[in-house]
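The values are calculated or read from the model by the stated rules, or taken from the named source; none is laboratory data. In this text, all values refer to a predicted model and were calculated from it rather than measured experimentally. Cβ atoms come from the backbone with ideal geometry, glycine included; neighbour counts cover every protein chain shown. Remember, those area values only see protein heavy atoms, side chains included, never the ligands or the DNA or RNA. Shrake-Rupley method; radii C 1.70, N 1.55, O 1.52, S 1.80 Å.
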Amino acid sequence: MPRIGTSDLHVFPLALGGNVFGWTADESTSFAVLDAYTGAGGDFVDTADVYSAWGDGNSGGESETVLGSWFRTSGKRDDVVLATKVSQHPDFRGLSADTVAKAARASLQRLGTDRIDLYYAHFDDQDTPLEETVRAFDQLVREGLVRHTAISNYSRERAAEWIRIAEEHDLARPVAIQPHYNLVTREPYESDIAPLAAEHGLGVVPYFALAAGFLTGKYRTEQDFAGKDREGQVSGYFSDAGLAVVDALATIAGDHQVEIASVALAWLQAQPDVVATIASARNTEQLPALLASADLELAPEELQTLSDVSAAVPQQR
């Protein structure tokens, strides 16, 4: 199993996204998905304290609460590498030292556990001195509440500064970075974050790995997503060049007799320094296609075909 950066954490190459737990997947469905995922060998679950504050009637922390309940009923806490994030919960916004300390403890309580394996700064907080944040994360490691630290949605410059501060002051150094990266969104990751990850030995754990479902092949016309929950996200990927990527995925999927999503994830998993891709399943029916990516080995020419066709997709820098 691949190792997360320089850490002692080895994980399944498909991380199960927890954003749907307590939102589009109720507790019993979430339990079924988690049971099926771990039953198939999966051991890496990714959530955040803000999931899913945006849902009707939710206030944040719902995903962590569901996971905590599942850990209690399943007894599988020690079988899972648990990642969560801080900075966006309505009650704990930003990354001041006080906020980080309180948010981490609130997450631990919801999760019903004594430690977080991988703790991300979810989004950069430029209103708080970066050294204050780095020291706050280090303090959690020193207290044994967090095993390893990580960063998400940081620019190359700010991520490099975080690492510099950690090294200069002998503080906990991040072992992973979580960027928005997939076959139709390759920048700014490939130009900015990938070189940083390679230089500093960061494990890369991409989110939106399936482009909000666009790379599953279920959105072939604008009518397919019009009026749906993900319309705003999917419309940003929808273009002739994007559809050409889906067509190429479909051809390769047919050759391997797998789902389109499996191929999209396998391409991502084959990229340098990518440890695991994050994908969510709101029911057990969606899970097999995701799990299949872990065992799908694409030929060099197939990887190149996908890289070439996706290079034509307009990128935002």
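Summed over all non-identical Cα pairs, the Kirkwood treatment of the chain gives a radius of 19.8 Å.
For segment 1-86, the alpha carbon convex hull comes to 91 Å³ per residue, rounded to a whole number.
In segment 121-222, the alpha-carbon atoms span a convex hull of 118 Å³ per residue.
Going through segment 230-317, which GluC sites (Glu not before Pro) have at most 12 other Cβ atoms within 10 Å and a DSSP loop state?
Sites meeting the loop and neighbour criteria: E297.
Accessible area per residue for segment 79-206 in Å², computed with a 1.4 Å probe and the full protein assembly in place, what is it?
On the way: 4780 Å² over 128 residues.
Accessible area per residue, segment 79-206: 37 Å².
Ligands, DNA and RNA left out, the 1.4 Å accessible surface of the chain is 46% carbon and sulfur atoms. Work out, in µm²/s and without decimals, the Stokes-Einstein translational diffusion coefficient of segment 45-189 at 37 °C, 0.692 mPa s, Rh from Kirkwood over C-alpha pairs. Estimated diffusion coefficient is 211 µm²/s.
In a shell of Cβ-Cβ distance under 10 Å around G112, excluding G112 itself, what net charge do Lys and Arg (+1) and Asp and Glu (-1) give? After counting each charged neighbour, the total is +1. For segment 229-308, the solvent-accessible area works out to 46 Å² per residue, with a probe of 1.4 Å and every protein chain left in place.
Once C-alpha pairs closer than 8 Å and six or more residues apart are averaged by separation and normalised to the residue number of the chain, the relative contact order reads 19 percent.
Computed from label points 7 Å out along Cα-Cβ, the spacing between A160 and R142 is 2.9 nm. Straight-line reach from K218: taking Cα to Cα under 20 Å and skipping same-chain neighbours fewer than 8 places apart, the aspartates and glutamates in range are D229, E231, D240, D247, D255, E259, E285.
How much mean residue ellipticity at 222 nm does the chain get from its helices, if each DSSP H run of length 4 or more adds -39500 (n - 2.57) and you divide by all residues, to the nearest 500 deg cm²/dmol? Present the calculation step by step, with values, prior to reporting the outcome.
Numbers: 11 runs with 123 residues, N = 317.
The helix contribution divided over the chain gives -12000 deg cm²/dmol.
Helices meeting the span-like rule in the chain (full DSSP H runs, Cα extent of at least 20 Å along the helix axis, mean Kyte-Doolittle score of 0.0 or higher): 240-256.
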